Structure formats: C-alpha cells, structure tokens
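Have a look at the structure below, then the notes.
The values are calculated or read from the model by the stated rules, or taken from the named source; none is laboratory data. Model, not experiment: these values are computed from the prediction. Heads up, the Cβs are rebuilt from the backbone with ideal geometry, glycines too, and the neighbour counts pull from every protein chain shown.
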C-alpha cells in the first residue's frame, strides 16, 4: 500500500501545501496509485514513522520518505520509467532550479497567501501556524503579509518563466517532468487557496492549466477555498 | 583555425563581455585552442560573416556561430566529449537556469557596472554604447546605474547560489560544466571591470576563484581595469 501524508485545512478535502502538491503531481507522472492521508498541521503523530514532523511523507510499502525533492529522487530510484529528476547533471540542474525558483517564487506567494492560509486551517492549527511561521520569518505574520507587494514581486519572478513558456510547452521541454512539478506545486498552493496571482491567459497560466486539466481528468475537480 | 571574436575596451587586452567570457570558459572546458580577435563595440565589419552584429562569434573552420548559448550547443554537437549543456532534459534545464539567473543576476550587475563600462570602452564606442543601452533599458544610463541598489539586489539574487555552493563544489555538481560557465561569465564581467561585488570568502567567491585559478593556470593572469 502506498500512502501520502499531506496537509489539509479544517476541510479535509482542502489540500493546499505546495510541497504535497509536488508529490501528487509526481505520483501522477509515474502512474502510481496512492491513498491520501490528510493531516492538519498539529496532527504530527502519524508522521513519527518518518523520524521528523513535516509533510509530505510518502509511505511506500516498507519505505518511508519525507521532503518533496527526496521523494522525487526516491520515486526515480524505485520506479525508473518516466524520470522526474533524471540522472547525473540533469538531476543536479533540477535541484538547482528548485533552489533558485523556490526563493524567487515562493516568498512573493507567501506574502500573498498568508492571510488565506489563516482562513482555511483548523482552529487547532492557528497558534502553531503563527508561532512556527513567525519564528521562520523573524517577524509577525501581519508584518510579513503584503499581497500587493507580493503580486508585484511574483510578476517579476515569473518573467523568465513566462518568456520560457512562450516558446516551450513545459519547463522541462516537450514533456513535463520534475522541474514542472517542483514549480507548479507552488501555483497549486495559490489555486487551492482560491486565488490566481498570475495573469490570465499568460504563458504561465496556460502551462498551469495544462497540468491542472491533466490532473483533474484523472482525479476529479481540485477542491478550492471559497 | 578557430577564432573567437570578442569584445575589448580601449585596451585590446581588456576583455570584459560576460557572454564572451562564457565562451572562453567553454572552450577551455572542451580543451580547444583558439585565437582571440578582440573588437571594440563599433568594429562590426569582422562580424559580417555571422549574419549579425553582436559578439561573441566563434569561427571554427567553415562554421560560424554566434550567441553564447548557441555556441555551447555547437561545441557539444561538434566535440561531444566533456558536455557543456549535455543532452535532452539536462540541456533544457541548463537553458532554463540561464534564463532565470540571467534576469536575477545580470540586471543588478548592470546597475553596478555601467559606469565602469563607460570608463574602459574606446572613445569611438561611447555614443554607440549610450544609445544602444538607453534604447534597451528605456531610460538614460544615469537613471539606470545605481551601484548601491545593484549590490543589494545582487546579494539577494546570489543567496540560492550561495546556499547551493556551500554544499556543492560547482553549480553542475562535482565537476563544472555549462551552468557554471553561463553564470560565471557574469562574474568575470565584474572582475575584469575591476570590482568584486560579492562577499569575500563566500561560497560564491570560492567557486568563482576556483574557475579563475583554473583559467589563469592555463592562459595567464586575466587583465583587469584599474
């Protein structure tokens, strides 16, 4: 049995973690079935098997793997068809892209999405979310959240991807692979929280909607916050 | 005979184009000898063979190739040992990294380096440089140049590379390859213009100096502006 431990809001159907979305897209890419184990932030007990406390955690038979990029590497080792990261320098470059785009795309999205996250998480998670994020950010949520500044920074961060996707179907070329899912997970985060802070009918938007349509064709409509 | 048409200042020994530096590093990587053909900006006639007007241009026997990334691809096709971009998704990801890092690293460097470029180019190039750059930037050189803002933006843009290089010898892993030279060319640009707008003894600095030392061990000291 394959199980994905993933983050949910007070509504267990509302899955919004960008890292968990990466893994869902990767499992679809590999054609691997799984059962979802939605957890709220503070429901840490089921993660003990992974030796740490953060989702996503993939339990695949006897194997337990955490961290989205490590899960991609595990899936490539265990199910080599349809590589996600691939081998050698291809894998190295996917990891480097993740590091570079994570900073430039994730931080602006966080400025936009913080209030929405607070709106969807369980009452039991509110204090945990605030204290863990304020510690990581070094400031209060209210001082950090700034949807308008976030949208401006996001627009700039997406410019090279917009230029790329105007000429290429996917980030990884003619077919989607690891780089696509590592970045798209961040956009699914926004989408599931009920917003689309990138331009309608931009190349980025058309790329995102190709991945979304493929996902929904297999798994049904993605639950979004109102 | 292999010839590299590349940009020089009023001193023909002062080579400072980031794109030409990429190609020098790539030719060294491939172990290919070449003769330098330094040109000032307005000396366009020798480039006519390439059907366009910008350096770098590589003439390799009968073949003439322009554009640094296209030259990398040409070198891989023609001299497959020691890949620069490599094949398939590895090459795709190197091109995507170039697009992403070009925006985030090059623009801050340009804000820092503009006055230095004006200080080293030939008198005959001054009007061309001003009009071509002001057209591309949509503003006067004086309005765009801002070394202090550039250093702050560069520091931020280098953060993911600093984190990466703290754990990896090169951008492309254990050995340097195309991604390293595509980014390092931008730092050679600053270096040759007489400045080092990244932190001394940072992981980025140690990486740059490894590439510089390897280059100088083969070709001798790099000429820098005073």
Among the residues of the range A:39-47, are any in a strand (DSSP E or B), in contact with a strand residue (DSSP E or B) (Cβ under 7 Å, 6 or more places away or on another chain) and farther than 23 Å from residue A:179 by Cα? yes
Pick from the range B:150-166, criterion loosely packed, with under 15 Cβ neighbours inside 10 Å and more than 10 Å from chain A (Cβ to nearest Cβ), ranking: nearest to the chain's Cα centre (by Cα): B:152
Can you tell me which of (1) in a helix (DSSP H, G or I); (2) touching a residue at least 12 places away in the same chain (Cβ under 8 Å); (3) over 17 Å from the mean Cα position of the chain (by Cα) is the one residue B:82 doesn't meet? (1)
Enumeration of residues in the range A:101-142 that are touching a helix residue (DSSP H, G or I) at 6+ places or on another chain (Cβ under 6 Å), at the interface with chain B (Cβ under 8 Å from one of its Cβ atoms) and surrounded by fewer than 21 Cβ atoms within 10 Å (Cβ to Cβ): A:103
Residue among A:52, A:28, A:63 that alone is farther than 20 Å from residue A:110 by Cα, under 16 Å from the mean Cα position of the chain (by Cα) and outside the structural domain of residue A:209 (by TED's automatic domain parsing): A:28
Tally up the residues in the range A:167-212 that are more than 11 Å from chain B (Cβ to nearest Cβ), on the phi > 0 side of the Ramachandran plot and touching a helix residue (DSSP H, G or I) at 6+ places or on another chain (Cβ under 7 Å), please. 1
Do we have residue B:18 as in contact with a helix residue (DSSP H, G or I) (Cβ under 6 Å, 6 or more places away or on another chain) and crowded, with 17+ Cβ neighbours inside 10 Å here? yes
